[in-house]
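The values are calculated or read from the model by the stated rules, or taken from the named source; none is laboratory data. What you see is a predicted model; the values in this text were computed from it and never measured. Cβ sites come from the backbone with ideal geometry, for glycine too, and all protein chains shown count toward neighbours.
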Amino acid sequence: MHAAHIPVLLQETLRLLSPAPGEVFLDGTVGAGGHAEEIAARIGPGGILVCADADPAMLAVAAGRLEGFECVRTAHSDFSDFETVKGAAGGRMFDGMLLDLGLSSIQLDDPSRGFSFREDGPLDMRRDPGARAPTARDILRRATEKELADIFHRFGEERFSRRIARAIASQREREPLERTLRLADLVKRAIPRKAWPRDIHPATRVFQALRIAVNGELDSLSAFLDRFAGHLAPGGRIAVISFHSLEDRMVKVAFRGGSAGENAVLEVLTRKPVVPGAEEVHANPRARSAKLRAARICGRKEDPCRE
């Protein structure tokens, strides 16, 4: 892609990661392969790019897009499973890591996945539909009213979490919640009309919270942030793009703490999070909440960064 046509967020991601010929990279959430394609083009056939994703459908899309690159290795894996992704790299340390934590348009636009309330579909929300894990439908059926309220408040920062949980508990006494549009309508009616958010659908935070709970997303991110430094080579760079405040806060704390396990000392490369440009948001409104943070390994505790 010509530099003039690369979106701001992608340009900054590439600048901060600085992939170079022969380097070893991890794209831990490869999605449709947009970032991976740009990284692969820069590390060349002499490098290694491990493309991991918990969603096998997205991994297949990315593999098709990247089939011309000799450096690409794929891994059906959560990004926090370092044994798997490191194995795909032949045990090599990584020079760079990227996480783009948002859902892709392909996932959101497929009603059968249950991620979105724009079209009717089953309340599934698993990133890996083949995983033996509870679906959103299962959680809505089995969790107590208090547990539901806690999920909506903790993972969605939903101020009307108790009212929504009460409405769900009342509804499921009559019939179980099975479909996305039914849940979205119930949430909308549970929130006072004057309190509806202006820029998003009233059910957005509840759907976000359920998706996070179904997939254990914050647990995965926490596990990754605890361990990534032990798998980065000296001078290795890491970039994380998050889409809601819970994730961004975790990344900010991990990077600004100055150390990241394995005695690694971090240098923060983004004093403030990088956000998409106006043209990028206009072209893709889903990017409006994206925040990019980056850091690099600049030494170990016994050999700290030098001025």
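The criterion of being surrounded by fewer than 18 Cβ atoms within 10 Å (Cβ to Cβ), of a type in the set (K, R), closer than 24 Å to R286 by Cα and modelled with pLDDT of 95 or more does not hold for R211. How about the stretch 129-159: which of its residues are in a loop (DSSP other than H, G, I, E, B) and buried (at least 17 other Cβ atoms within 10 Å of the Cβ)? Hits for the stretch 129-159 are T135, A143, E158.
Only residues that are assigned to a helix (DSSP H, G or I) and touching a Leu at 6+ places or on another chain (Cβ under 6 Å) were counted in the stretch 57-84, giving 0. The set of residues in the stretch 197-226 being of a type in the set (D, E, K, R) and over 17 Å from the mean Cα position of the chain (by Cα) consists of R198, D199. Of the candidates A88, A143, A165, A149, the single residue that is in contact (Cβ under 8 Å) with a residue 24 or more places away in the chain and among the aliphatic types (A, V, I, L, M) is A88. The set of residues from the stretch 113-138 being of a type in the set (A, V, I, L, M, F, W, C) and within 17 Å of Q171 (Cβ to Cβ) comprises F117, L123, A136. Contact map, the stretch 216-232: residues that are without any contact (Cβ under 8 Å) to a residue 24 or more places away in the chain and surrounded by fewer than 16 Cβ atoms within 10 Å (Cβ to Cβ) paired with residues that are among the basic types (K, R) and in a helix (DSSP H, G or I), Cβ distance under 8 Å, separation 6+ or inter-chain. No pairs are found. Against the condition at pLDDT 95 or above, more than 21 Å from the chain's Cα centre (by Cα) and surrounded by 18 or more Cβ atoms within 10 Å (Cβ to Cβ), how does I43 come out, does it pass? So I43 passes the test.
Looking at the stretch 68-78, can you tell me whether even one residue there is surrounded by fewer than 21 Cβ atoms within 10 Å (Cβ to Cβ), aromatic (F, W, Y) and assigned by TED's automatic domain parsing to the domain that holds F243? Yes.
Residue by residue, here is whether (1) within 15 Å of L210 (Cβ to Cβ); (2) modelled with pLDDT under 95; (3) assigned by TED's automatic domain parsing to the domain that holds F207; (4) among the aliphatic types (A, V, I, L, M) holds:
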position: A133; (1), (2), (3), (4): yes, yes, yes, yes
position: A136; (1), (2), (3), (4): yes, no, yes, yes
position: L140; (1), (2), (3), (4): yes, no, yes, yes
position: A143; (1), (2), (3), (4): yes, no, yes, yes
position: K146; (1), (2), (3), (4): no, no, yes, no
position: I164; (1), (2), (3), (4): yes, no, yes, yes
position: E175; (1), (2), (3), (4): no, yes, yes, no
position: R179; (1), (2), (3), (4): yes, no, yes, no
position: L183; (1), (2), (3), (4): yes, no, yes, yes
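Evaluating A278 against the criteria (1) more than 20 Å from L16 (Cα to Cα); (2) in contact with a strand residue (DSSP E or B) (Cβ under 9 Å, 6 or more places away or on another chain) leaves one unmet condition, (2). Assessment of the stretch 3-15 against the conditions (at pLDDT 95 or above and in a loop (DSSP other than H, G, I, E, B)) yields no matching residue.
Just the residues that are polar (S, T, N, Q), surrounded by 15 or more Cβ atoms within 10 Å (Cβ to Cβ) and not in a loop (DSSP other than H, G, I, E, B), please, taken from the stretch 106-128. Passing the criteria: only Q107. For the stretch 21-56, filtered to residues that are assigned to a helix (DSSP H, G or I) and touching a residue at least 60 places away in the same chain (Cβ under 8 Å), the residue that is farthest from I212 (Cα to Cα) is H35.
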